[in-house]
Amino acid sequence: MIEGLHSMDGRGLRRRSLGQYVAVIVGGAVGAALRYEVWTWRATPRWQLLSTFGVNVFGCLLVGAALGYLSGRRAPVTRAGLFGLACGLTTFGLYAFQAVTHRGAWNSVIYLVATPVFALIAMAVGAAITRPARTSQTL
């Protein structure tokens, strides 16, 4: 659970305010726009790899800084906005955050290793099942 991102009602159900939803949406949109801007700044394959790497590292730095700064503070809308920004900027930031903050050490290790392995397999399967069949005309 992300400390302070949401509160519980008397029945143990999560309550989130409209302000939190708006903050996540705006933060996510800003993060996605920033990532797109950085990624398309130069149209070279090397830049795109380096920019993705840089954005992922920066996103993790942002998540860590937000966790440190907001720890123990009651700022659910700010926390939700930073969560949206980091996740819109890079899903890797959420991946690293979940691995670091998960309570079970072995679950974190399995999660860290299994996620990229299964993601690459899923990407290959997705590409394989949607790729047009080769015919004599396409060869």
Just to be sure before I move on: is ARG79 basic (Lys, Arg) and crowded, with 19+ Cβ neighbours inside 10 Å in the structure I sent?
yes
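Taking helices (runs of 4 or more DSSP H) that fall entirely within region 25-128, which contain at least 3 residues that are at pLDDT below 85 and over 29 Å from ARG15 (Cα atoms)? Even if it seems obvious, please write down each step before you answer.
Numbers: elements: 45-70, 76-89, 91-101.
Where helices (runs of 4 or more DSSP H) fall fully within region 25-128 and carry at least 3 residues being at pLDDT below 85 and over 29 Å from ARG15 (Cα atoms), they are 45-70.
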Out of (1) more than 22 Å from TYR95 (Cβ to Cβ); (2) out of contact with any Phe, Trp or Tyr (no Cβ under 9 Å at 6 or more places or on another chain), what's the single condition that is false for TRP41?
(2)
Under 8 Å between Cβ atoms, at least 6 apart or on separate chains: pull out the pairs that start in region 56-76 with a residue that is free of Cβ contacts under 8 Å to residues at least 60 places away in the same chain and acidic (Asp, Glu) and end on any residue that is surrounded by fewer than 13 Cβ atoms within 10 Å (Cβ to Cβ) and in a loop (DSSP other than H, G, I, E, B).
none
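The values are calculated or read from the model by the stated rules, or taken from the named source; none is laboratory data. If you're wondering where the values come from, they're calculated on a predicted model, not measured in any experiment. No Cβ is skipped: glycine too gets one built from the backbone with ideal geometry, and neighbour counts run over all protein chains shown.
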